[in-house]
Structures are given as structure tokens and as C-alpha cells.
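Report on the following structure.
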Amino acid sequence: MAVATSAVESRVSSEAVQALRSSLRGSVVEPDDPAYDEVRSLYNGMIDKRPRLIARCVDVADVLAALNFGKDQGLLIAIRGGGHNGPGLGSCDDGLVIDLSLMKSVRVDPTTQTVRVDPGCTSGDVDHATHAFGLAVPFGIVSTTGVAGLTLGGGTGYLTRKYGLTIDNLLEADVVLADGRLVTASASEHPDLFWALRGGGGNFGVVTSFLFKAHPVGTVYAGPIFWEATHARTVMRAYRDFIATAPEELGSFVGLKTVPSLDPFPREYWGRRACAIIGSYNGRAEHGAPLMARLLETLPPPIFNWMGEMPFPTMQALFDPFFPKGLQWYWKGDFVKSLPDEAIDTHIAQAAIAPSDLSLMHLYPIDGAVHRVSKNATAWNTRDARWSMVIAGIDPDPKHADALKTWGRAYWNAIHPYNLEGAYVNFMMDDEVQGRVPASYGENYQRLASVKAKYDPQNLFRVNQNIPPASAG
Ligand SMILES: Cc1cc2nc3c(=O)[nH]c(=O)nc-3n(C[C@H](O)[C@H](O)[C@H](O)COP(=O)(O)OP(=O)(O)OC[C@H]3O[C@@H](n4cnc5c(N)ncnc54)[C@H](O)[C@@H]3O)c2cc1C
């Protein structure tokens, strides 16, 4: 593929690139490399960024070399973990991508029930390793998502009601700072940095290692239940009331979706709008099934109820086949304090006009263990929300990108008056970020800006949901 030579491209000499190449154990990929298009591609097919260089790091020494190179050359620097970010903040145009996706080691310590995780791991990588010991860390609901970006933004999933956000299980992180130092951030070392990393995203440095607390999780009673959209109001109201008192072992969310047009979904419902509850009870069916029955007996019969016993990693990967890399995604998020009946009706009306079968709305409970941590204990501030809402317009066809955006924005405009100002930073695109990042961090924002000024005063790490450094004085 012919590549236009950008101003930046002409600024970086081939000698400098060669020097970088020889200082890395990993590889350096440039636009004329046959692997360039594959290596630069991101999970969201709507994003098409063309970095000048991609440093495929395999260890911390590579990260240091790449970072120093980027600084010396005055390049815009992006950090890539799993590459799942909605607006593609793991990459950049014309700059240097520090690609950590090849750093994939996981080391479980069953004695201390902790797990050390490299920054290129997906949650599936970690689930695989911890499951062998009957353990798991709370991550998200799709196993191909990068642990690094998910953790730094907060992290919600099926284990969150019981064990908290992913950041509530982070014990320490190794971080390469903007000045090139490698430090460990924990409750006792660089506690200000540790506070900021837990929700503040990739603003503070390159995290090269995470240490997490893990929890006993083995076989779960889990899976999806779908109802016809005509029952959505009844289901959403009942679920809202049920989950408020349901045991925290039940991680579950409610969503508005479409029945996929493929086996094993019942053919007569293919392509029909639906309401779904997707749940994962951390325990056996003998405990999970009666709990779900309490809810189900108040509701009309579902189209199907596929909850059953399975290993936790199976549940974590259940939806992976529906969401392969390269689909078009347009994201909108909000935190939600209460879900009045009128909001439910607005959701149902907006979801009914979704532009594609994959498009969805999910409401993830924010309660239980999340509420037991104080608002200023970590950068992730919205501990008093009840839900984290995501609207995602999704479709394989790039020609439908505008329709996904139009629907997502209109849906959000209709529902936002019921919601809080801020949103989960990992559920935002970048067409709204500037106004919403401060709202998302609320009273923690100024403190984040001060930590940023201490650790990254020049805003070297700015390809993220950016928190500019507080100005001196
Ligand atoms: C299909 C799908 C399902 C999802 N489900 C959930 C869910 O259930 N729960 C949830 O909480 N979120 C979920 N998310 C959102 C997810 O948390 C974000 O997309 C997140 O940004 C992904 O992280 P990543 O490492 O894959 O992304 P990347 O695109 O690689 O990076 C995202 C951001 O993190 C920064 N970053 C990455 N690695 C590092 C590092 N080592 N050091 C410093 N900064 C770094 C990047 O610079 C960038 O700003 C989902 C996303 C997708 C696409």
C-alpha cells in the first residue's frame, strides 16, 4: 500500500530508527513494513490511525528504550495494551506507539492468592492462568479486552458486586515514568501515583506490571436469558428492584439487544428486538438457580434461559464470538444514580430503533463492594452511582458508521437527562471527552491534575482521556 510521507516521517532519520531497532529485543514496525497494517489495526474498525513507528516491546528495557527514543525525537507517544479502547487511544497518527501487546506473562501465587500480570495480557489470558488455581480477578465481560486499559480506567464485570472494581483489587503496579524512571506504585510506595492509577487511565506513565488480589471463583451458574422486547418494561423494572437486594455473588446486568440471526438462537426470533439479563452467580446451580427463580417467577416466560453451570473462563469468553476484532463501534456512556420508570421507557423507545442487530444498551450494577470504598480512596470517583450505562452502536459494515453514531448520540441525548454528568472513561469516544473527563472524576479531578503535574509535567502521555497537568501556582 502506498503511504504518504508525513512531516513527522521525514523528521525521523532512518539512522535513528535503526538505532532504536538495534536497542530493542522486540521489533520496530514502520509504514513500509508488510506487517504494518495488521500490527497497527485496532479492535474498533471505525478507528484508522497511522503511526510513524510501532515499537513492539517484549520487556521493560524495550519500553525504556522506546520511550527515550520518542522523547528524543519529539514524537507523540501512545501506549497500547489490548488495543480495545473505543476511540483507539492505544494508537496515534504520525507518532510512536509503545506496543505492549506481546508482553503476556502471568504468574499466579496460590499461597497469597495474588497474580502478577504483564501489560499485554487480555482478561482471558489471566482468567486462564488463575482458573487453574480456582481463582479469578474481577475484569470485564469480554475476554479479549486488554487488562491494562481496563484496569487503569476502573474495570467492571461479573465479580464486581462482590469483589469491587478491578482497581479495588490492584495491589501494586510498576510504572515507567515520563522522566524515564521505573517505580513501583502501591499503598506504601508512591501512594499518590497509586491513587491516580486506579481510575486515572494512562495519564501517568507506562505500566509494565500489575499485581492483583485474586478470589475463589471456580464453577459459576451463568449465562443469558432473553425476553421479547414487548416484555422489556416488566423485565427491566423487576430486575432493577431485584438486584438491589440480590446477594453479591450474583454478578449480572440488564440489556436491550437483538436476538442474533444464527444457531442456536431460535429461528422464529432471529433479528427480533429483545431484553436480556446476563448473569454469573459465583457458585453452583443448587444456589444460583433458586436465586434466579425468585426473579423469574415474577416475569413472563423468556424466549430462552441458558443459565447453567460452567467454568468461569467459559462465561468470560461466552460473547467473544459475537464481537470479533474489526467491527465498527460507537460508544456512549453515563453513570446512573436511579432508574425511574420513565427512564426505562426512554431506553426501550431508543433501543427499538437501533440501526443494527449487534447494537446494544447495557446497564451494569455499581453497588456492593464498589460502594464500600470511599469516593476519594481511588481516582475512580463515582462510587455512589447505581449503574454504569453503555450504549454501543456496532456493525461490521464501515458504510454504517454514520448511522451508528447518529443513533448513539440521539439515544444518549434522550436518556442523559436521567443520568449523572460523568461517565466511565472506558465507555467514551473522543468526540465528547474534553467536557466530560472532569465531570467523570468530580471532586477527584483537581487532585488528579496535581499528580499529573508531579509525574508528567509536560503531558508526554496525552493520548488518553487526558488530564492536563495542573499549572504551577
Ligand atoms: C468488546 C468490549 C467489551 C468491553 N467490556 C468491558 C467491561 O466489561 N468492563 C470494563 O470495565 N470495560 C470494558 N470495555 C472497555 C475497556 O475497558 C476499554 O476499551 C479499555 O480501554 C481497554 O483496554 P486495552 O488495554 O484493551 O486498550 P488500549 O486501546 O490498548 O488502551 C486503552 C488506554 O489505556 C492506555 N494504556 C493501555 N495500556 C497501558 C499501560 N500499560 N500503561 C499505561 N497506559 C496504558 C492507553 O494509552 C489508552 O489510553 C470493553 C471494551 C470492549 C471493546
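The values are calculated or read from the model by the stated rules, or taken from the named source; none is laboratory data. The structure presented is a predicted model; accordingly, all values stated were derived computationally and were not measured. Reconstructed Cβ throughout: ideal geometry from the backbone, glycine too, with neighbour counts over all protein chains shown.
Tell me yes or no: at least one residue of the stretch 191-199 is under 27 Å from ASP62 (Cα atoms), away from the ligand (no atom under 15 Å from the Cβ) and either more than 20 Å from the chain's Cα centre (by Cα) or modelled with pLDDT under 95 (or both).
Checked against the condition, which is being under 27 Å from ASP62 (Cα atoms), away from the ligand (no atom under 15 Å from the Cβ) and either more than 20 Å from the chain's Cα centre (by Cα) or modelled with pLDDT under 95 (or both), the stretch 191-199 yields at least one hit.
If you scan the stretch 18-45, which residues turn out to be among the polar types (S, T, N, Q), in contact with a strand residue (DSSP E or B) (Cβ under 7 Å, 6 or more places away or on another chain) and either more than 16 Å from the ligand (Cβ to nearest atom) or closer than 16 Å to LEU100 by Cβ (or both)?
Within the stretch 18-45, just SER27 meets the criteria.
For ALA401, are the conditions met, namely being away from the ligand (no atom under 15 Å from the Cβ), hydrophobic (A, V, I, L, M, F, W, C), surrounded by fewer than 20 Cβ atoms within 10 Å (Cβ to Cβ) and not in a helix (DSSP H, G or I)?
Spelling it out, it is not the case that ALA401 is away from the ligand (no atom under 15 Å from the Cβ), hydrophobic (A, V, I, L, M, F, W, C), surrounded by fewer than 20 Cβ atoms within 10 Å (Cβ to Cβ) and not in a helix (DSSP H, G or I).
Only one of these conditions is not met by CYS92: (1) in contact (Cβ under 8 Å) with a residue 60 or more places away in the chain; (2) touching a helix residue (DSSP H, G or I) at 6+ places or on another chain (Cβ under 7 Å); (3) surrounded by 20 or more Cβ atoms within 10 Å (Cβ to Cβ). Which number is it?
(2)
How do the pairs read when you match residues in the stretch 276-301 that are within 20 Å of GLU228 (Cβ to Cβ) with residues anywhere that are charged (D, E, K, R), using Cβ under 6 Å and keeping only pairs 6 or more apart or on different chains?
Qualifying pairs under 6 Å: ALA276/LYS257.
Residues that are among the polar types (S, T, N, Q): which strands (runs of 3 or more DSSP E) entirely in the stretch 218-319 hold 2 or more of them?
So the answer is 250-258.
Six or more apart or on different chains, Cβ atoms under 6 Å: show the pairs whose first residue is in the stretch 1-30 and more than 22 Å from VAL63 (Cβ to Cβ) and whose second is modelled with pLDDT of 80 or more and not in a strand (DSSP E or B).
VAL3/PRO31; SER6/ASP94; GLU9/ARG52
Name every residue in the stretch 120-174 that is in a helix (DSSP H, G or I) and more than 12 Å from the ligand (Cβ to nearest atom), in order of residue number.
Of everything in the stretch 120-174, those that are in a helix (DSSP H, G or I) and more than 12 Å from the ligand (Cβ to nearest atom) turn out to be VAL126, ASP127, HIS128, ALA129, THR130, HIS131, ARG161, LYS162, TYR163, ASP168, ASN169.
If ASP192 satisfies all but one of (1) assigned to a strand (DSSP E or B); (2) touching a Lys or Arg at 6+ places or on another chain (Cβ under 8 Å); (3) farther than 20 Å from THR156 by Cα, what's the number of the condition it fails?
Every listed condition holds for ASP192 apart from (1).
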